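S.K.: Quick one: the structure is below, and I'll ask about it shortly.
The values are calculated or read from the model by the stated rules, or taken from the named source; none is laboratory data. Only a predicted model underlies this, so the values are computations on that prediction, with no experimental measurement involved. Counting neighbours? That spans all protein chains shown, and the Cβs are built from the backbone with ideal geometry, glycine included. Just the protein is used for accessible areas: all its heavy atoms, side chains included, with ligands, DNA and RNA removed. Shrake-Rupley method; radii C 1.70, N 1.55, O 1.52, S 1.80 Å.
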Amino acid sequence: MQDVPGLVVTGVSGRMGQTLVRLIAGAPDRARLVGAVGRAGHSWIGQDVGEAMGGPALGVVVTDDPLEVFAQAQGVIDFTTPAATVEFAGLAAQARAVHVIGTTGLEPEHLARIAAAARHAPIIRAGNMSLGLNLLTALTRKVAEALGDDWDVEIVESHHRMKVDAPSGTALMLGEAAAAGRGVSLDAVSDRGRDGITGARTKGHIGFASLRGGDIVGEHDVLFAGEGERVVLRHVATDRAIFARGALRAALWGQDKAPGEYTMMDVLGL
Ligand SMILES: NC(=O)C1=CN([C@@H]2O[C@H](COP(=O)(O)OP(=O)(O)OC[C@H]3O[C@@H](n4cnc5c(N)ncnc54)[C@H](OP(=O)(O)O)[C@@H]3O)[C@@H](O)[C@H]2O)C=CC1
Ligand SMILES: O=C(O)C1=N[C@H](C(=O)O)C[C@H](O)C1
């Protein structure tokens, strides 16, 4: 199958990297794995990625030279760290490859570099790539718009003990959706990290709470608390394959798109 897009996975030794390698290797009718990028100094560099993962060889050697493999690819799927992702954005743009970014914890300076790279190639970025969560995002916007700011919005997220950023990228995505539904900017109404004598809740604010423990893949509740009633929108992820499937779909969707920044809502038509 030489006519399907060739994809590179970055951060291959990671939780998402390995999930993506398994997905792409098992879908030869949709895509080819043409590169696997690991961190310089990682023990997997120079090994076949399939064998490094404890399975059969896949004929792709893990490299720490992204540009070499990006040049042979039509797409790059990247779930790593903010610092690595901005480097990959520049290199993927140079190679004119579609860059799918799942990495979270991106700060304004990272986003500015991603926007610059997107002038040269399509970049699809989302704090959550799953179909169900993106549907929940669309619902959150609608419910926030319908209920208005007499209803307090609180977003509660739970993740595994290894997660390094908070609130999750998904929680922020849901917060943006609720704020957009109310016609306000999230930055102006966000309440993060309450502790001590906080005073009463400010009307119109959107609160965030983060729980960390065990192997929780990802759970998100959007709570709308009114007078005498509550509405809760909930998404529970039980398998990282949902994010990998969304990322593969995005990489394929991006193949005929003009340079620019896109989200999973664009990919899914939501
Ligand atoms: N948008 C979405 O749907 C989802 C987003 N995520 C996000 O994806 C990111 C990764 O998550 P997860 O897989 O759980 O994390 P892991 O820590 O398991 O994986 C990250 C991987 O990136 C590697 N890495 C770091 N720096 C580099 C570099 N410069 N070059 C190549 N590889 C590098 C790490 O290598 P090493 O360990 O050697 O440092 C590691 O293998 C997080 O930001 C997470 O929030 C996760 C799931 C879904
Ligand atoms: O780090 C994770 O694991 C996840 N990160 C993303 C986030 O920050 O929202 C998506 C998913 O919830 C898993």
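S.K.: Report every pair of residues separated by at least 6 positions or lying on different chains whose Cβ atoms are under 9 Å apart, first residue within the range 258-270 and without any contact (Cβ under 8 Å) to a residue 60 or more places away in the chain, second buried (at least 19 other Cβ atoms within 10 Å of the Cβ).
M.R.: none
S.K.: Collect the residues in the range 190-241 that are within 16 Å of ligand 2 (Cβ to nearest atom), among the acidic types (Asp, Glu) and open to solvent by less than 70 Å² (accessible area, probe 1.4 Å), keeping them in residue-number order.
M.R.: Of everything in the range 190-241, those that are within 16 Å of ligand 2 (Cβ to nearest atom), among the acidic types (Asp, Glu) and open to solvent by less than 70 Å² (accessible area, probe 1.4 Å) turn out to be 219, 221.
S.K.: Being under 24 Å from the mean Cα position of the chain (by Cα) and among the β-branched types (Val, Ile, Thr) is the filter here, so list the residues in the range 38-59 that pass it.
M.R.: Correct list: 49 only.
S.K.: Quick check on this structure: which one of 86, 61 is open to solvent by less than 40 Å² (accessible area, probe 1.4 Å) and either assigned by the TED database to the domain that holds residue 28 or closer than 21 Å to residue 241 by Cβ (or both)?
M.R.: The match here is 86.
S.K.: Would you pick out the residues in the range 140-167 that are under 17 Å from residue 230 (Cα atoms) and either touching a strand residue (DSSP E or B) at 6+ places or on another chain (Cβ under 6 Å) or buried (at least 17 other Cβ atoms within 10 Å of the Cβ) (or both)?
M.R.: Result: 140, 141, 143, 144, 147, 151, 152, 153, 154, 155, 156.
S.K.: Of the residues in the range 3-21, how many are more than 16 Å from residue 249 (Cβ to Cβ) and touching a residue at least 24 places away in the same chain (Cβ under 8 Å)?
M.R.: The qualifying residues number 11.
S.K.: If you don't mind, another one. Determine, yes or no, whether residue 122 is more than 8 Å from ligand 1 (Cβ to nearest atom), at pLDDT 95 or above and out of contact with any helix residue (DSSP H, G or I) (no Cβ under 8 Å at 6 or more places or on another chain).
M.R.: In short, no.
S.K.: Assigned to a helix (DSSP H, G or I) and surrounded by fewer than 24 Cβ atoms within 10 Å (Cβ to Cβ): does that describe residue 96?
M.R.: Criteria not met by residue 96.
S.K.: Got a sec? Which of 196, 175, 181 is more than 16 Å from ligand 1 (Cβ to nearest atom) and touching a helix residue (DSSP H, G or I) at 6+ places or on another chain (Cβ under 7 Å)?
M.R.: 181
S.K.: Quick one: residue 117 ticks every box in (1) outside the structural domain of residue 256 (by the TED database); (2) away from ligand 2 (no atom under 12 Å from the Cβ) except a single one, so which number is it?
M.R.: Only one criterion is unmet by residue 117, namely (1).
S.K.: Name, by its number, the condition in (1) out of contact with any Pro (no Cβ under 9 Å at 6 or more places or on another chain); (2) in contact (Cβ under 8 Å) with a residue 40 or more places away in the chain; (3) in a strand (DSSP E or B) that does not hold for residue 236.
M.R.: (2)
S.K.: Does residue 270 count as away from ligand 2 (no atom under 16 Å from the Cβ), open to solvent by 40 Å² or more (accessible area, probe 1.4 Å) and in contact with a helix residue (DSSP H, G or I) (Cβ under 6 Å, 6 or more places away or on another chain)?
M.R.: Here the answer is yes, as residue 270 does meet what is asked.
S.K.: Also: What are the residues in the range 172-189 that are away from ligand 2 (no atom under 16 Å from the Cβ) and either assigned to a loop (DSSP other than H, G, I, E, B) or buried (at least 16 other Cβ atoms within 10 Å of the Cβ) (or both), if any?
M.R.: Selection gives 179, 180, 181, 182, 183, 184, 185, 189.
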